[in-house]
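The values are calculated or read from the model by the stated rules, or taken from the named source; none is laboratory data. Because the structure is predicted, anything quoted here is derived from the model rather than measured. Methodologically, a virtual Cβ is constructed for each residue, glycine included, from the backbone with ideal geometry; neighbour enumeration extends over all protein chains shown.
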Amino acid sequence: MKRPSGFTVIEFLFVMTIAGILTAIAIPSFKYVTASNRVAQEINGLLGDLQYARAEAIKEGFWVTACASADGASCSGTNSWRTGWIIFSDINNNQSVNGGDLILRTSAAFSGTDTLLADNSMTSVTFNREGFASMYPGTATAITVPVTLKLNTAPQNTQWERCLAITAVGGTTSTERNGTGNCN
């Protein structure tokens, strides 16, 4: 007597049940990974552009400003950086793009609904030829306390947030905080 080959219905249902359970466990983890990667890319994009602005200011010997920008050609004057930003040579140190200024880099708006807000109503940051950071229009005065940009995901995850701090000496650091609700 020859035994039939293949799977029985019971074996097939058992395998499908196990596959369903594993999928139910994996999908929420995968959503976290993709959201985490998106947020890391957004904050690291700004971090890299700020480091570039500082390096250009030191290399070229003139002020370089980074500011929030919605159109990629002028500063928006808001502390919400989710609309994108520009890096430009700021010849007269007035934190706005004028005739002699050259736009060095632009960054597009976030594709999602994440928010990126600066504290102290910081709308721009300027690096001088020594690499020091200033956020006061028309002055070479360095900032006195670190300025922080806080990135929150939408829908907001209250457990985690990404923070980008800019110090008076022009240093920039990115951190991830757990459950504090505060980047400081």
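Before moving on, here are some points about what is shown:
Listed here are the residues, each with its yes/no results for (1) touching a residue at least 12 places away in the same chain (Cβ under 8 Å); (2) closer than 25 Å to T175 by Cα; (3) surrounded by 16 or more Cβ atoms within 10 Å (Cβ to Cβ).
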{"site": "C67", "(1), (2), (3)": "yes, yes, yes"}
{"site": "D90", "(1), (2), (3)": "yes, no, yes"}
{"site": "R129", "(1), (2), (3)": "yes, no, no"}
{"site": "F132", "(1), (2), (3)": "yes, yes, yes"}
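- Checklist (1) in contact with a Phe, Trp or Tyr (Cβ under 7 Å, 6 or more places away or on another chain); (2) of a type outside the set (A, V, I, L, M, F, W, C); (3) modelled with pLDDT of 90 or more applied to E42, failing item: (3)
- Per the listing A26, A35, A55, the residue uniquely touching a strand residue (DSSP E or B) at 6+ places or on another chain (Cβ under 9 Å) and either modelled with pLDDT of 90 or more or of a type outside the set (V, I, T) (or both) is A55.
- Test: residue in region 2-12 that is without any contact (Cβ under 8 Å) to a residue 40 or more places away in the chain, touching a Leu at 6+ places or on another chain (Cβ under 6 Å) and either of a type in the set (S, T, N, Q) or assigned to a loop (DSSP other than H, G, I, E, B) (or both): no
- Checking each residue in region 69-88 for being buried (at least 20 other Cβ atoms within 10 Å of the Cβ) and of a type in the set (S, T, Y) picks out only S69.
- Criterion: assigned to a helix (DSSP H, G or I) and in contact (Cβ under 8 Å) with a residue 12 or more places away in the chain - qualifying residue of V33, V39: V39
Residues are listed down the side, and each one gets a yes or a no for (1) more than 18 Å from N152 (Cα to Cα); (2) in contact with a helix residue (DSSP H, G or I) (Cβ under 7 Å, 6 or more places away or on another chain):
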{"residue": "D90", "(1), (2)": "yes, no"}
{"residue": "Q95", "(1), (2)": "yes, no"}
{"residue": "D119", "(1), (2)": "no, no"}
{"residue": "S124", "(1), (2)": "yes, no"}
{"residue": "N128", "(1), (2)": "yes, yes"}
{"residue": "S134", "(1), (2)": "yes, no"}
